[in-house]
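Since the structure comes first, as structure tokens, the remarks are kept for the end.
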Amino acid sequence: MKPRLGKFGTVLLAVTLALAVAGAGFAKWSDTVVINGDVSTGTVCWHFVSGSFFQHDSGLDETCEPGLINVSTLDKDVGNTTGYFQDDHMLVVTINNAYPCYYNEISAKEQICGTIPVVLQAPVLTYASEDYTLPSGVVVTTNDGVLEFRWMDNTGQQFDPGGGPVELSFEMHVLQPAPQSTAITFTITQSAVQWNEA
Amino acid sequence: MKGKLGKFGFILLALALCLSITGAAFAKWSDTVTVEGTVNTGSVCVGVLDTGTSDSGIDPRVDPISLEPVTGDKDVASTISTNNSIKCEDGVTYYQSITETIANAYPYYAPTMNALLKNCGSIPVKIEDISVTSFDDPDDILSSITWKWELTYNDIVVASGEGLSALAKIVDNYQIEPGDYLDAHITAIFLESTPQGASGSLTMTITASQWNEVS
């Protein structure tokens with residue numbers, strides 16, 4: 001006996017062929033959801049404020065005793081101090097016509113320009129190709145005995161984005177071993193790190 | 001003996017002839033009943049819901065060395081989640097998509113994001129495919145992130161680990177019964193190599209299919 005499709009089978013076959021011709025396929029039931037992710041990172045940024053360099057010697061020279069104590073004003077204007085910013089983080093200072101006992105106080109301002117809070121690190125003094133870290137409030141004398149320094153403020157302080165400029169200042173004193181006829185130049189490099197890694 | 005119709009037989013014969021002339025037919029006794037059938041098919045439907053992040057103010061952070069959580073003190077970065085396009089509701093609204101937006105991130109910022117996948121249909125489903133359908137990370141932020149995760153099913157922890165590929169491996173083929181939900185709690189830990197001032201994005205599409213056709 002021959003198998004027969006019958007009317008129903010014929011209809012199904014016709015539909016299947018029609019779908020196949022039309023390119024349609026049979027698919028399981030499924031559904032989808034979508035997860036989007038966007039991420040942006042912040043910035044750590046600070047820089048010296050242009051024009052903020054300031055030094056205290058605007059006339060009569062000042063002096064002090066070793067250890068940066070007993071600061072007093074002399075009766076002559078002999079030495080002088082100049083400075084400029086080498087880049088965003090480095091200050092270059094030159095003392096002209098200096099002599100033993102010459103004292104000065106120098107300051108500059110820094111501005112936070114990033115989006116992440118920062119903590120200022122102890123600055124690094126570079127003099128005669130040697131580096132010295134200047135902890136706040138501690139007198140540091142160079143290895144050749146020519147200069148002594150005391151960093152005065154804001155080391156270890158935390159600064160948030162959006163705040164105003166921050167003042168940094170230090171004292172310096174020329175000691176007895178200073179060479180004659182030599183301009184004394186040194187640099188101060190200020191660093192900072194994001195507050196949660198300080 | 002010759003048969004005779006008689007009067008009664010004659011009348012019956014005449015009636016039969018009349019009926020045949022008028023087209024009427026003889027039929028056996030019959031009756032009909034009707035059986036009505038209603039077929040309701042089920043539905044495959046999944047929705048997603050963001051259930052919040054760990055950054056609602058003070059930043060969640062980790063220790064730079066141990067990568068263990070530490071108490072935060074500042075609100076610097078943010079992680080915000082949004083739900084988009086309502087998909088289904090059963091007292092809770094579920095959505096077609098969610099968006100997690102992390103902004104102003106920095107090394108050792110560690111927000112946790114929560115994405116809940118709900119079977120809001122009537123057919124069990126299995127997660128068949130997780131595809132990254134869009135990716136834009138020119139500064140390679142993603143390579144500077146360590147991922148930690150915990151996976152719960154109806155609020156019961158079923159797995160935990162590190163790395164998104166490990167999470168994808170666990171989730172692949174995971175079956176979710178109707179009304180049940182799978183919840184991924186994912187923590188992104190930004191490492192020291194995180195680039196500054198960078199941005200990136202990605203889009204993942206999760207496909208769930210009827211359980212009996214996913215091998």
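The values are calculated or read from the model by the stated rules, or taken from the named source; none is laboratory data. In this text, all values refer to a predicted model and were calculated from it rather than measured experimentally. Cβ: placed from backbone, ideal geometry, glycine included. Neighbour counts: every protein chain shown.
Before moving on, here are some points about what is shown:
- Exactly one residue out of A:Y103, A:Y99 is closer than 20 Å to A:V71 by Cα, among the hydroxyl-bearing types (S, T, Y) and surrounded by fewer than 16 Cβ atoms within 10 Å (Cβ to Cβ): that is A:Y99.
- Residue check, B:Y106 facing chain A (nearest Cβ under 7 Å), crowded, with 19+ Cβ neighbours inside 10 Å, touching a Gly at 6+ places or on another chain (Cβ under 8 Å) and not basic (K, R): yes
- All conditions in (1) crowded, with 20+ Cβ neighbours inside 10 Å; (2) in contact with a helix residue (DSSP H, G or I) (Cβ under 9 Å, 6 or more places away or on another chain); (3) within 18 Å of B:A188 (Cα to Cα) hold for B:A159, with the sole exception of (1).
- Among the numbered conditions (1) in a loop (DSSP other than H, G, I, E, B); (2) more than 14 Å from chain B (Cβ to nearest Cβ), the only one that A:R150 does not meet is (1).
- Residue check for B:S143: surrounded by fewer than 15 Cβ atoms within 10 Å (Cβ to Cβ), in a strand (DSSP E or B) and at pLDDT below 95: no
- Within the stretch B:65-84, the set of residues being exposed (fewer than 13 other Cβ atoms within 10 Å of the Cβ) and under 30 Å from B:C45 (Cβ atoms) comprises B:T82 only.
- The residues of the stretch A:168-196 that are within 14 Å of chain B (Cβ to nearest Cβ) and more than 13 Å from the chain's Cα centre (by Cα) amount to a single one, A:N196.
- Residue check, B:T207 within 20 Å of A:K28 (Cα to Cα), of a type in the set (S, T, N, Q) and touching a residue at least 12 places away in the same chain (Cβ under 8 Å): yes
- All conditions but one from (1) within 13 Å of A:S52 (Cα to Cα); (2) out of contact with any Phe, Trp or Tyr (no Cβ under 8 Å at 6 or more places or on another chain) apply to A:A108; the one that does not is (2).
- Residues located in the stretch A:47-61, provided they are touching a residue at least 40 places away in the same chain (Cβ under 8 Å) and either surrounded by 20 or more Cβ atoms within 10 Å (Cβ to Cβ) or of a type in the set (G, A, S) (or both): A:F48, A:S52, A:D61
- Strands (runs of 3 or more DSSP E) lying entirely in the stretch A:153-198 (those with 3 or more residues that are hydrophobic (A, V, I, L, M, F, W, C)): A:166-174, A:184-189
- Single residue of A:T94, A:T126, A:T115 found to be assigned to a loop (DSSP other than H, G, I, E, B) and surrounded by 14 or more Cβ atoms within 10 Å (Cβ to Cβ): A:T115
- Residues that are of a type in the set (S, T, Y), closer than 27 Å to B:S144 by Cα and within 12 Å of another protein chain (Cβ to nearest Cβ) within the stretch B:158-215 comprise B:S193, B:T194, B:S199, B:S201, B:T203, B:T205, listed in sequence order.
- The residues of the stretch B:57-90 that are more than 9 Å from chain A (Cβ to nearest Cβ), charged (D, E, K, R) and under 27 Å from A:P161 (Cα atoms), listed by number, are B:D63, B:E68, B:D75.
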